[in-house]
Amino acid sequence: MINENHILTEALAAFRVTTGLEAELIAEDIRLPQGVADAEIRLANAPPLLAEVKKTLRPATLGAALVQLERYQRPGVLVAAYVTPKMADTLRAREVAFLDMAGNAYLKTPDTFIFVTGRKKPELLGTDEPNRAFRAAGLRVIFTLLTTHRMLAVPTRQIAYHAGVANGTVGNTIKDLEQLGYIYRSKTKGLVLENRDKLIDNWVDAYPRELRPKLKAQRFHILHPDWWKEFDYDRWEKQQMWLGGEPAAALLTKQLYPEKITVYGRPDFARLAKIIEQPARDEKGNFELLEPFWNLEFEQYHEVHRLCPPLLIYADLVATSDARNIEVANMIREQYLRG
């Protein structure tokens, strides 16, 4: 399995070959107030760029890559194993610099314009299976660890109950996270989470690809998109629902008008349908209902509404790849997900 250092090295070499221009690695693991960028590079004598390296770059995970670049508040470039022609067009339209191991690239500065696309995926890449910890069951465990204080101090069977997975899954996930550098064993404190920011990045990147598709999402078009404003906390709880996505972000930041209503829950849908007014199934509808993947009660983040944890609200915003949502997602990360 290829790693990020290999992707970066090969992509810089491919850029030199396809463009005939210089591509230099300045430094790796650049520490910034907003997190750690994978590297700093220079392309074609342009000013230095912060590089965000991704093994895969797909529509479902594009938002995670974009939000990380935006967080650093400096010019950046996406470096991937491979960028398809369709993805290359998307990145160019958004003026996001990129390069890959095949030699595909896009860079636009006042003095330079480079756009190379259509070069074939290198055969050596094959398929890239995620680490076991970042598949669906492992993501449930990580979510539980990230959203519940001192969860690593409780027995694994309790973590398994809260995450809705087998006890063995918890042990395997913790073992994998140790090997990846996200958990260490302290003689005085026991198991301790570390590199929390990077763990959040990887969870948010994997969530729309590995876990969200398994949550039996139902999409509807509804005539009364503001129905959720009429609920109070007790009503949310009675209906076994949590408000997420754009409306939850609007409540936390007061900076977003929600266009799509996201709810996690197992409500009495016949009763709910009377409130939301004539739900019609529509894959592009303005209301989505997903199954919860936890057995937990969370901190109450709003005085009226029962909200999903900020980590999940952030992940759902990022997964949209929408510029307005990404801006608000960064506000939520800064306020609720730091340290």
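Throughout, read-outs are computed from the coordinates displayed, never taken from laboratory work. All values derive from a computational prediction rather than experimental measurement. Heads up, the Cβs are rebuilt from the backbone with ideal geometry, glycines too, and the neighbour counts pull from every protein chain shown.
Kindly work out what percent of the DSSP beta bridges joining two residues of the chain are antiparallel, to the nearest 5. Please list the in-between numbers first.
On the way: 30 of 44 bridges.
Close to 70 percent.
Which entry in (1) 63, 45, 34; (2) 64, 54, 36; (3) 80, 42, 33 matches Cα extents along the principal axes in Å derived from the coordinates of this structure?
Comparing each candidate, only (2) matches the computed number.
May I ask for the Rg/Rh ratio of segment 215-336, computed from Cα atoms with Rh as the Kirkwood radius, given to two decimals?
In segment 215-336, Rg relative to Rh is 0.93.
Residues of segment 251-276 with amide nitrogen under 19 Å from the 7 Å Cα-to-Cβ point of Arg324?
Taking a point 7 Å out along Cα→Cβ of Arg324, the residues of segment 251-276 whose backbone N falls under 19 Å are 251-263.
Name the most mobile residue of Leu21, Leu145, Leu307, meaning the one with the largest mean-square fluctuation, in a Gaussian network model of the chain with Cα contacts below 10 Å.
Evaluated over the chain, the most mobile residue of the options is Leu21.
For segment 132-213, treating each Cα as an identical point scatterer without solvent, what Debye log10 I(q)/I(0) comes out at q = 0.11, 0.12, 0.24 1/Å?
-0.24, -0.29, -1.24
Based on the Cβ-Cβ distance from Val17 to Leu180, what FRET efficiency comes out when R0 is 25 Å, to the nearest 0.05? Before the final figure, lay out each step's value.
Numbers: r = 32 Å, r/R0 = 1.30.
Working from the Cβ atoms, E equals 0.15.
Among all the lysines, which ones have a C-alpha under 16 Å from Lys216's C-alpha, if same-chain residues fewer than 8 places away are not counted?
Lys284
I need the trypsin sites (Lys or Arg not before Pro) found in segment 195-237, filtered to DSSP loop residues with at most 10 other beta carbons within 10 Å of theirs.
Working: sites: Arg196, Lys198, Arg209, Lys214, Lys216, Arg219, Lys229, Arg235; in loops: Lys216.
Qualifying residues, ordered by number: Lys216.
For Ile275 paired with Asp111, estimate the spin-label separation in nm (one decimal), with each label point 7 Å from Cα along the Cα-to-Cβ line.
6.0 nm
Please sort by residue number the GluC sites (Glu not before Pro) in segment 69-138 whose DSSP state is loop and whose Cβ has at most 11 other Cβ atoms within 10 Å. Don't skip to the end; give the middle numbers.
Working: sites: Glu70, Glu95, Glu123; in loops: Glu95.
When the GluC sites (Glu not before Pro) of segment 69-138 are filtered for loop state and at most 11 Cβ neighbours within 10 Å, Glu95 remain.
Taking segment 272-339, which GluC sites (Glu not before Pro) meet the DSSP loop condition and have no more than 13 other C-beta atoms within 10 Å?
Passing both the DSSP loop test and the Cβ count: Glu277, Glu283, Glu297, Glu299, Glu303.
Compute and list, largest first, the equivalent-ellipsoid semi-axes of segment 4-125 from the alpha carbon gyration tensor, each √(5λ) rounded to a whole angstrom.
19, 16, 14
Which one of Ala44, Ala280, Ala80 has the biggest mean-square fluctuation once the chain is modelled by GNM with Cα springs under 10 Å?
The residue that fluctuates most here is Ala280.
Greater than 20 Å separation of Cα atoms is the criterion. Which listed pairs, Lys238/Lys274; Lys198/Lys254; Lys55/Lys198; Lys54/Lys86, meet it?
On the way: Lys238/Lys274 16 Å; Lys198/Lys254 27 Å; Lys55/Lys198 15 Å; Lys54/Lys86 17 Å.
Distance filter (> 20 Å) returns Lys198/Lys254.
Label-point separation (nm) for Lys214 and Ala250, each offset 7 Å from Cα along Cα-to-Cβ?
Each label point is offset 7 Å from its Cα along the Cβ direction, giving 3.2 nm.
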